[in-house]
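Here is the structure we will look at.
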Amino acid sequence: MKKTILMQIQDKYEPLELFFISDIHDKTMTEAAIKQELLRLTKEGSVRRYSYGVYYLPGSKKDAEPNAMDAIEMRYIKAGKKYLGFYTGINFINSITGKRPTLDQKLEIMSNKATSGKKSVYMFSKRFVLRKPYMEITNDNYSLNAFLSYISMADLATIKANYPILANYIRKEHLGADDVMEATKYFPAKTASKLLATDLYRSLWKH
């Protein structure tokens, strides 16, 4: 029996998990037909519309609706199991210490979705800075990429102040010296010198 669009959505997404209309694929239906079916499902309440082109399955009454952080992260940081980006600046430190960034904070995100070096984006009622990564972000280099991006952008005093957190991150993510130094060629020249100046380079050998 052919699965309906709703069945396909229910198989792929949990209640309150956002998805884009572009994530729905059915070879037997045109794009226009899929949009029409989503409109019908929205009207009957089986699917809810969060924003233009963004939907989710309803949850129980006790569950909160998705918020702008969920939508921003899905769009620019992680789609399903695929990493697209990461937070930079202070929110990189927050994210690796288990503190999820909030909407009232200044957000800076590096993402493969960025088409230019740096720009201000207004989406889901939140303004944030979007940056193009120095090196394309993949699931394999996500941790290393995020680490070197932070080092390249932060000043020496800030890096030194966060040394214990960064050294622990190196150990936790098993960042090796050879991989890190090889990747620095994609980053500003000062990146490698900062690793040496802050002694973080020594931590690369200790796991």
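The values are calculated or read from the model by the stated rules, or taken from the named source; none is laboratory data. Everything numeric here is computed off the predicted structure, so don't read it as measured data. No Cβ is skipped: glycine too gets one built from the backbone with ideal geometry, and neighbour counts run over all protein chains shown. Calculation scope for accessible area: heavy atoms of the full protein, side chains included, ligands and nucleic acids excluded. Shrake-Rupley method; radii C 1.70, N 1.55, O 1.52, S 1.80 Å.
Hey, what does the equivalent ellipsoid look like for the chain, semi-axes from the Cα gyration tensor as sqrt of 5 times each eigenvalue, largest first, whole Å?
So the equivalent ellipsoid measures 39, 17, 16 Å along its semi-axes.
With springs connecting C-alpha atoms under 10 Å apart, model the chain as a Gaussian network and identify which of SER149, SER51, SER111 has the largest mean-square fluctuation.
It is SER51.
If the elastic network links every pair of Cα atoms under 10 Å, which of ALA197, ALA146, ALA79 fluctuates the most in the Gaussian network model of the chain?
ALA197
How big is the charge dipole of the chain about its Cα centre, in debye rounded to the nearest 20, if each Lys and Arg gets +1 on its Cβ and each Asp and Glu gets -1 on its Cβ?
360
Using 0.36 nm per residue, how much length does the chain from LYS160 to MET181 gain when fully extended, once their Cα-Cα distance is taken away?
So the chain would gain 5.6 nm between LYS160 and MET181.
I'd like to check one number: the per residue accessible area of the stretch 129-207, probe 1.4 Å, reported in Å² as a whole number.
52
Using the beta-carbon distance between MET7 and LEU196 and R0 = 45 Å, what value does 1/(1 + (r/R0)^6) give for FRET efficiency, to the nearest 0.05?
Approximately 0.20, to the nearest 0.05.
Send over the semi-axes of the stretch 92-143's equivalent ellipsoid, whole angstrom and largest first, taken as the square roots of 5 times the C-alpha gyration tensor eigenvalues.
In descending order, the three semi-axes are 19, 17, 8 Å.
How high is the relative contact order of the chain, in percent, with contacts defined as C-alpha pairs under 8 Å that are six or more residues apart?
Computed over the chain, the figure is 14 percent.
For TYR50, list long-range residues whose amide hydrogen, built 1.01 Å from N in the peptide plane, is under 5 Å from its own amide hydrogen.
It is TYR55, TYR56, by chain and number.
Before anything else, pin down the relative contact order of the stretch 134-207: Cα pairs under 8 Å, at least 6 apart, normalised by residue count, whole percent.
Values: 52 pairs, mean separation 32.0, N = 74.
Relative contact order, the stretch 134-207: 43 percent.
Find the accessible area per residue for the stretch 9-49; the probe is 1.4 Å, ligands and nucleic acids are left out, and the unit is Å².
Result: 68 Å² of accessible area for each residue.
Sorted from largest to smallest, which semi-axis lengths in Å does the alpha carbon gyration tensor of the stretch 1-81 give for its equivalent ellipsoid, taking the root of 5 times each eigenvalue?
Working from the Cα gyration tensor, I get semi-axes of 20, 15, 12 Å.
Set Lys and Arg Cβ to +1 and Asp and Glu Cβ to -1, take the dipole of the chain about its Cα centre, and tell me which of SER95, THR138, TYR169 lies farthest positive.
Farthest towards the positive end: SER95.
Taking the Cα-to-Cβ direction at ILE21 and at ARG127 and moving 7 Å from each Cα, how far apart do the two end points lie in nm?
Label at ILE21, label at ARG127, 2.8 nm between them.
For the residue pair GLU173 and SER116, what label-to-label distance in nm results when each label sits 7 Å from Cα along the Cα-to-beta-carbon direction?
Between GLU173 and SER116, the label points sit 2.8 nm apart.
In terms of the Cα gyration tensor, with a ≥ b ≥ c the square roots of its eigenvalues, is the stretch 156-207 rounded because a/c is under 1.5, prolate because a/b exceeds b/c, or oblate?
Note, shape of the stretch 156-207 comes out oblate.
Expressed as an acute angle from 0 to 90° and rounded to the nearest 10, what is the orientation of the C-alpha long axis of helix 31-44 relative to the principal long axis of the chain?
Long axis of 31-44 versus the principal axis of the chain: about 70 degrees.
Ignoring ligands, DNA and RNA, what percent of the accessible area of the chain is carbon or sulfur (1.4 Å)?
Of the solvent-accessible surface of the chain, carbon and sulfur hold 51 percent.
Under unit Cβ charges (Lys, Arg +1; Asp, Glu -1), what dipole magnitude, rounded to 20 debye, does the stretch 20-124 have relative to its Cα centre?
160
Relative to the longest principal axis of the C-alpha atoms of the chain, give the angle of the C-alpha long axis of helix 163-172, reported between 0 and 90° and rounded to the nearest 10°.
Taking the Cα atoms of the chain, the angle to 163-172 is about 60 degrees.
Cα centroids of the stretch 1-32 and the stretch 157-207: how far apart, whole angstrom?
42
What list of ³J(HN,Hα) values in whole Hz, one per residue of the stretch 92-105 in order, does the Karplus curve 6.51 cos²θ - 1.76 cosθ + 1.60 (θ = phi - 60°) give from phi, with Gly and Pro shown as x?
Each residue of the stretch 92-105 in turn: 5, 4, 4, 5, 7, 10, x, 9, 6, x, 10, 5, 7, 9 Hz.
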